Amino acid sequence: MTKYEKMEKELLNEKKSSWIKKGTDGKKQAFQFSEQYRRFLSHVKTERENVREVTAMAEKKGFLPLKELGKKKGHKKFYDVNQEKNLVLIVLGQKPVTEGVNIIASHVDVPHIDFKMNPLYEDEEYCMVKTHYYGGIKKYQWVNLPLAVHGVIIKKDGQKIDVVWGEDESEGVLTFPDVLPHLSRKIQGEKKLLTGFTGEDLNMICGSIPVADEKVKNKIKISILEILHEKYGVTEADFISAELQLVPSGAARWVGFDKGLLGAFGHDDRICGYTSSMALFNIDDPEYTAVNFLADKEEIGSEGRSGMQSWFVLRVLSELIAFQENGFNDLLLRKALERSHALSSDVGAGINPNFKSVHDPLNAPRLGYGIVLTKYTGSGGKGGSNDADAEFVARVRRIWDENGVDWQIGTLGKVDEGGGGTVAKFLAEYNMDVVDAGPALLSMHAPFELASVIDIYSCYEAYKTFFEKMK
Ligand code: MN
Ligand code: MN
C-alpha cells in the first residue's frame, strides 16, 4: 500500500467499519439484539410503559430500589423511579461518586397525540375525540392511521386505571378520516403541506352506534361512555385527570427485503434508552459509577418534574454521596457533578435519499455507519446548543476507536435549514463534560421511524464502552 492509499483509508468518508467487515458473527448478534428491541417497541408506547418495562428488567437483573441502599452489604446495582415516567439506573463504581460518575441520559417520551381534558363530542352521526398533539409532529402524517390508546386514568379517589385499547385485533382503533382526493382540490390542494391540518383539526372518530333510547339527546356519546364505564368504571369527568395518548396501533416491523432497517413508532428516543439500559445491565464493577437516566418531556423542552430539568437526578446523586461519605454537603455534590462525564444519547437525522438537499453530505450521518457523535445541535448558528468541548469529544472518540466501536460524526442538517436540541445543555448546566451521541434515523418524529440494525447494535457497544472506559 502506498503512503497515499494509507492516507485515503483514513479519510472520514471512508469510515464505514461495520459488522459487515467484522464477519457473520457480528451480524447475527446485531439481529438478535435488534429483534429483542423490536418486540420491546411493539408494546412499549408511552413513557410510563417504558419506565415500567425497564424497571421490571432491572429487578430481574438484581437491581434494588435506591431506598435499599446500604441494607445489603456490597450491593452495587440500584434504581429509582420518578412519577412513573422517569427512571435512573445505577451501578456503583470502584471510586466514590464524589470522583464523578459516567451518565448516559436519553428520553422516553415520544411525539404523539393526547386526548384533551374534555375530549368527547358528537358531530354528524359520530362520537369524536378532541386532541392536542405532544411534541413536534407533522400533522398530516397522523391521519388515516389506526391509532391505539395507551395511558392512565386517575379517578377522584386516587384509583389508577391503566388503559391499552386498540392493540388487540378484537378491539376498535381510533382514526382521523381524511377527505377523499375527488373532493380535496380546493380544501386541501390550495394549502401548504405543513399547514394542511391545524391542531384543532385533529379530531378522531371513536364511535358511531347510538343507544336505543329516544329520550337521550347525546345518543352516541352516551353509548361510548357506557362502553368505557363497563370496561374501566370511569365517567366523563375522569378524562380531566387522565393521560391518554394516541399512538400507532400494531407491532414494529423490519423494513426491506434484507430486514436491514427497523420501522417503528418511538425510536426517538427509546432506541437510546433501550440500548443504554442494556449496556448498563451488562457492565460489572466499573471504575466510575455508571448512571443511566431515562428522562421524560424532552420533546416539549425537558420541562416538568419528570423532565431533565427536574431536581430528581440531583437528589439521587446526593443520596449516593450521603451514603458513601457518611454525610452530605452541597460542595460534595457540585464537585461530583463537575467531575462527571455524560452522553446525551439522542437520535440524529440520517441522509434520506428522497430529501438529500437538507443535509451537508460531508457532515451528515448515514444509516448503517454506527453511532453518531454530534458536537453541537441547535439552530440558526448553534443557537440553544451545548457545543461540546473539543477536549471531551477527543476522549470519546479515543475510547470508541480503542474498543472497536462503529461510529461516525453528524450534524443536524444544513446550517440554516432548521435545527433542534437535546438534553445535553441541561446536563452541561452542572458544569460536567457532555456530548450528544445516538443513532441516525430516517422519518424522525413520524408515526413510523426507521433505524438501521447496524446502528442499534453499535449504540449498545458505544454506550457499554462509555460506561466502562470513560475517565
Ligand atoms: Mn430525541
Ligand atoms: Mn425528538
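The values are calculated or read from the model by the stated rules, or taken from the named source; none is laboratory data. Remember, predicted model here, so these are calculated numbers, not experimental data. Note: ideal-geometry Cβ built from the backbone for every residue, glycine included; neighbour counts use all protein chains shown. With ligands, DNA and RNA removed, areas are computed over all heavy atoms of the protein, side chains included. Shrake-Rupley method; radii C 1.70, N 1.55, O 1.52, S 1.80 Å.
Restricted to the range 83-125, and to residues there that are of a type in the set (Lys, Arg) and in contact with a strand residue (DSSP E or B) (Cβ under 8 Å, 6 or more places away or on another chain), the residue that is farthest from ligand 1 (Cβ to nearest atom) is LYS95. Here the range 355-375 is the region considered, the condition is being within 23 Å of the chain's Cα centre (by Cα) and either surrounded by fewer than 16 Cβ atoms within 10 Å (Cβ to Cβ) or within 16 Å of ligand 2 (Cβ to nearest atom) (or both), and the residue that is farthest from LEU412 (Cα to Cα) is VAL372.
When GLY327, GLY378 are checked against the criterion of being modelled with pLDDT under 95, among the small types (Gly, Ala, Ser) and either touching a helix residue (DSSP H, G or I) at 6+ places or on another chain (Cβ under 7 Å) or farther than 25 Å from ARG270 by Cα (or both), GLY327 stands alone in meeting it. Residues in the range 261-289 that are open to solvent by 10 Å² or more (accessible area, probe 1.4 Å) and either modelled with pLDDT under 95 or outside any strand (DSSP E or B) (or both): PHE265, TYR274, MET278, PHE281, ASN282, ASP284, ASP285, GLU287, TYR288.
Return the residue satisfying two criteria in turn: it lies in the range 92-114 and is away from ligand 2 (no atom under 16 Å from the Cβ) and surrounded by 24 or more Cβ atoms within 10 Å (Cβ to Cβ), and of such residues it is farthest from SER344 (Cα to Cα). Among residues in the range 92-114 that are away from ligand 2 (no atom under 16 Å from the Cβ) and surrounded by 24 or more Cβ atoms within 10 Å (Cβ to Cβ), the one farthest from SER344 (Cα to Cα) is VAL97. The C-beta contact set for the range 140-165 (first residue within 13 Å of PRO248 (Cα to Cα), second residue of a type in the set (Phe, Trp, Tyr) and in a strand (DSSP E or B), distance under 7 angstrom, 6+ apart or interchain) comprises ALA148/TRP165; VAL149/TRP165. Name the single residue, out of those in the range 337-354 being under 26 Å from GLY301 (Cβ atoms) and hydrophobic (A, V, I, L, M, F, W, C), that is surrounded by the fewest Cβ atoms within 10 Å (Cβ to Cβ). Filtering the range 337-354 for residues that are under 26 Å from GLY301 (Cβ atoms) and hydrophobic (A, V, I, L, M, F, W, C), the one surrounded by the fewest Cβ atoms within 10 Å (Cβ to Cβ) comes out as LEU337.
Restricting attention to the range 179-199, the residues that are in contact (Cβ under 8 Å) with a residue 24 or more places away in the chain and open to solvent by 40 Å² or more (accessible area, probe 1.4 Å) add up to 3. For the range 290-305, residues that are open to solvent by less than 40 Å² (accessible area, probe 1.4 Å) and part of a helix (DSSP H, G or I) total 2.
Here VAL234, VAL211 are screened, and the one residue that is within 16 Å of LEU120 (Cα to Cα) and surrounded by fewer than 17 Cβ atoms within 10 Å (Cβ to Cβ) is VAL211.
Checking each residue of the range 218-226 against the condition of being surrounded by 23 or more Cβ atoms within 10 Å (Cβ to Cβ), touching a residue at least 12 places away in the same chain (Cβ under 8 Å) and part of a loop (DSSP other than H, G, I, E, B) gives no match.
The set of residues from the range 332-366 being away from ligand 1 (no atom under 16 Å from the Cβ) and either part of a strand (DSSP E or B) or under 25 Å from PHE31 (Cβ atoms) (or both) comprises HIS341, ILE351, ASN352, PRO353, ARG366.
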